[in-house]
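Written out below as structure tokens is the structure these notes cover.
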Amino acid sequence: MQQPQPTKPSSSTGKIARSAGSVGSAVMCSRVLGLVREQLFAALFGAGMSYDAFVVAFRIPNLLRDLFGEGALSAAFVTVFTEYDTNKGQKATWELASTVLIFFAIALSALVLIGIYWSEPIVHLLAHDFQNVDGKIALTAKLTRIMFPFLILISLSAVVMGILNTKGRFFIPALASSFFNLGSILGGVTLSLLFPKFGQPAITGMAVGTLIGGLLQLSIQLPTLYKTGFRFIPRIQPNHPGLKKILWLMLPATIGLSATQINIFINTNFAAGCEQGAVSWLNYAFRFVQLPIGLFGVAFSIAAMPVLARQAAEKQIDKLKTTFVSSLVMVFSLTIPATVGLLVLAEPIIRLVFEHGVFTGVDTLKTAQALQFYALGLFAYSSVKVMVPVFYAINTTKFPVIGSFIGVAANLLIIVMIIDHLQFRGIALATSCAMTCNFLFLALTLTQKLEGLPLGYLLRGILKIGIAAIIMGVTTWWGRSLLRGWLQGPLPMQAAGVFILIGSAAVLYALLLQLLKLPEFTMLTEKMVQRFARSKRSCT
């Protein structure tokens, strides 16, 4: 029996969009500070040995963070915490939160000690070709030892963020990562200037700055956590049923996320074997593409997760379907034009942001090429962020695991096929293709598991988004030709040219979506107009 196709967005769309807007504004602040951090890296260290070593060293605790911290732990915790908050009462809910915090603080501390002890063999495994450059393995291992405790801080921060999101507090948890970047910048730069006076490499200052940032990210959320009514219960309960359920939910997610880390391991190995600077170019490009992923994919994932979990807990599957599809349309409406914009403007944007200090014109060109290939998978990266919580909500967590390993196979196969021709660019392209394969598998599986989705509604939305994005892209390409002199001129002219192009593209795209009547967009604009009208009446 064919399901009736909806003609309007989910009733939860406005709520999710408001929450995503709150998260997005905080994420924007964080990502801008993150770009400032990368600018400082580019100016101080360029794309050479020191930054290559830092990238690999940070990747090791960051890899474990994705496995045990913000990824698997956060999604599993929100699912179980929402169930307790809905059905079990306040005392049981806070007891669960305290138990989770204590358990993971102890477990991750043990993991960190093991990681510090085995840091050099881990570096050899992850970036074997670093041994071809004298001192590179030793420097990378030293930075790894310094940054390993970051795993504890960021994982506890993820639990606190899950509590606050479930309680409807989105802005402060999202803003917390800004304090990570702030601590990394102020602490890291200050220490990188001081450490050489004591015989230590300057890059070790940035490693210590990472720990300062992680501590700030956790600490800034604690006052808001206290205001929600949370009271810490210092009691170790390893047999707590809620903790067991979280660990059980984490198991397939951890296996699935391990596939992502296998991709990172594969990519790092291939990149380390490319020309000097390849690891740095890829990292600068991927860090940049994290801006739209954070603004769109992560923001909507964080905002939608509690809504989806509550609808599943209340067995409102039809509402869950429409909420998911509306969220997906909103993600597409933001990521598709972002992809087009990055394809057209990658080089002038990278030149403006990074080409200072020892970061050269060649570094700009290579980083821009990597960014363009990463941008091709932007829609898939962001969409998967929204899709995975649905599998948690309906308690079918094995499928994201399968999708992740499909991505691993696709990534390895494509790299082997194209690495000789495209070098480091092939690594970025393979990453985008792998995520697209994962996205397609999850989309087909969700359609089956939910016994059908309103695909006609989704495809009509994608068609309108595609038409608007193509018109915007052609117009932006023409504008780039007109402003070529500005984009290659002094810094103020570069900045003016880039902002004119991005601003005019955004305005044109918004007008086209309004003209094409994309339901999610027109609903949000109507709500904004109504809110403005009410505020205007209240002032008169």
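Kindly indicate the residue of segment 508-520 that is surrounded by 15 or more Cβ atoms within 10 Å (Cβ to Cβ) and under 14 Å from Met472 (Cβ atoms) and also modelled with the lowest pLDDT among those meeting that condition.
Per the criteria, the residue is Leu518.
Please work out which one of (1) among the hydrophobic types (A, V, I, L, M, F, W, C); (2) part of a helix (DSSP H, G or I); (3) farther than 30 Å from Met49 by Cα is the condition Phe232 fails and give its number.
Single failed check for Phe232: (2).
Quick check on segment 191-228: of everything there that is outside any helix (DSSP H, G or I) and within 27 Å of the chain's Cα centre (by Cα), which residue is surrounded by the most Cβ atoms within 10 Å (Cβ to Cβ)?
Gln221
Among the residues that make up segment 359-375, is at least one of them in contact with a Gly (Cβ under 9 Å, 6 or more places away or on another chain), outside any helix (DSSP H, G or I), of a type in the set (D, E, K, R) and more than 30 Å from Glu451 (Cα to Cα)?
No; the residues of segment 359-375 include none that is in contact with a Gly (Cβ under 9 Å, 6 or more places away or on another chain), outside any helix (DSSP H, G or I), of a type in the set (D, E, K, R) and more than 30 Å from Glu451 (Cα to Cα).
Yes/no per residue for (1) of a type in the set (Val, Ile, Thr); (2) touching a Ser or Thr at 6+ places or on another chain (Cβ under 9 Å); (3) closer than 28 Å to Phe265 by Cα; (4) assigned by TED's automatic domain parsing to the domain that holds Phe104:
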| position | (1), (2), (3), (4) |
| --- | --- |
| Val133 | yes, no, yes, yes |
| Ile146 | yes, yes, yes, yes |
| Lys167 | no, yes, no, yes |
| Ile185 | yes, no, yes, yes |
| Leu193 | no, no, no, yes |
| Met206 | no, yes, yes, yes |
| Gly214 | no, yes, yes, yes |
| Lys227 | no, no, no, yes |
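Could you tell me which of the residues Gly187, Gly199, Gly213, Gly209 is of a type in the set (Gly, Ala, Ser) and in contact with a Phe, Trp or Tyr (Cβ under 8 Å, 6 or more places away or on another chain)?
Gly213
In this structure, does Ile236 turn out to be assigned by TED's automatic domain parsing to the domain that holds Ser178 and either in contact with a Pro (Cβ under 8 Å, 6 or more places away or on another chain) or surrounded by 20 or more Cβ atoms within 10 Å (Cβ to Cβ) (or both)?
For Ile236, the condition - assigned by TED's automatic domain parsing to the domain that holds Ser178 and either in contact with a Pro (Cβ under 8 Å, 6 or more places away or on another chain) or surrounded by 20 or more Cβ atoms within 10 Å (Cβ to Cβ) (or both) - is not met.
Of the residues that make up segment 433-452, is at least one surrounded by fewer than 21 Cβ atoms within 10 Å (Cβ to Cβ), under 30 Å from Leu511 (Cβ atoms) and in contact with a Gly (Cβ under 9 Å, 6 or more places away or on another chain)?
So far as segment 433-452 goes, yes, one or more of its residues are surrounded by fewer than 21 Cβ atoms within 10 Å (Cβ to Cβ), under 30 Å from Leu511 (Cβ atoms) and in contact with a Gly (Cβ under 9 Å, 6 or more places away or on another chain).
Does Leu483 satisfy the condition of being closer than 19 Å to Ala338 by Cβ and either among the polar types (S, T, N, Q) or in contact with a Leu (Cβ under 7 Å, 6 or more places away or on another chain) (or both)?
no
Among the residues of segment 415-435, which ones are under 18 Å from Ser382 (Cα atoms) and without any contact (Cβ under 8 Å) to a residue 60 or more places away in the chain?
Within segment 415-435, Leu429, Ser432, Cys433, Met435 qualify.
State yes or no: is Leu444 in a helix (DSSP H, G or I), more than 28 Å from Ala272 (Cβ to Cβ), without any contact (Cβ under 8 Å) to a residue 40 or more places away in the chain and not basic (Lys, Arg)?
Against the criterion (in a helix (DSSP H, G or I), more than 28 Å from Ala272 (Cβ to Cβ), without any contact (Cβ under 8 Å) to a residue 40 or more places away in the chain and not basic (Lys, Arg)), Leu444 qualifies.
Here is a list of conditions, (1) out of contact with any Phe, Trp or Tyr (no Cβ under 7 Å at 6 or more places or on another chain); (2) of a type in the set (Ser, Thr, Tyr); (3) crowded, with 16+ Cβ neighbours inside 10 Å; (4) at pLDDT below 90, and Thr396 meets all of them except one; can you say which number that is?
Unmet condition: (3).
Yes/no per residue for (1) buried (at least 19 other Cβ atoms within 10 Å of the Cβ); (2) in a helix (DSSP H, G or I):
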residue: Leu96; (1), (2): yes, yes
residue: Phe103; (1), (2): no, yes
residue: Leu108; (1), (2): yes, yes
residue: Ile116; (1), (2): no, yes
residue: Glu120; (1), (2): no, yes
residue: Asp134; (1), (2): no, no
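Would you confirm whether or not segment 243-250 contains a residue that is crowded, with 19+ Cβ neighbours inside 10 Å, over 22 Å from the mean Cα position of the chain (by Cα) and farther than 28 Å from Lys167 by Cβ?
No, segment 243-250 contains no residue that is crowded, with 19+ Cβ neighbours inside 10 Å, over 22 Å from the mean Cα position of the chain (by Cα) and farther than 28 Å from Lys167 by Cβ.
Specify the residue that is nearest to Gln221 (Cα to Cα); the eligible residues are those in segment 157-190 that are in a loop (DSSP other than H, G, I, E, B) and not basic (Lys, Arg).
Filtering first and then ranking leaves Phe170.
Restricting to segment 489-505, count the residues that are in contact (Cβ under 8 Å) with a residue 24 or more places away in the chain and within 22 Å of Leu343 (Cβ to Cβ).
8
Of all residues in segment 453-493 being among the polar types (S, T, N, Q) and under 21 Å from Thr335 (Cα atoms), which is surrounded by the fewest Cβ atoms within 10 Å (Cβ to Cβ)?
Only one residue tops the list, namely Thr475.
The values are calculated or read from the model by the stated rules, or taken from the named source; none is laboratory data. As the structure is a prediction and not an experimental result, all values here were calculated from the model. Every residue, glycine as well, gets a Cβ built from its backbone with ideal geometry; the counts of neighbours run over all protein chains shown.
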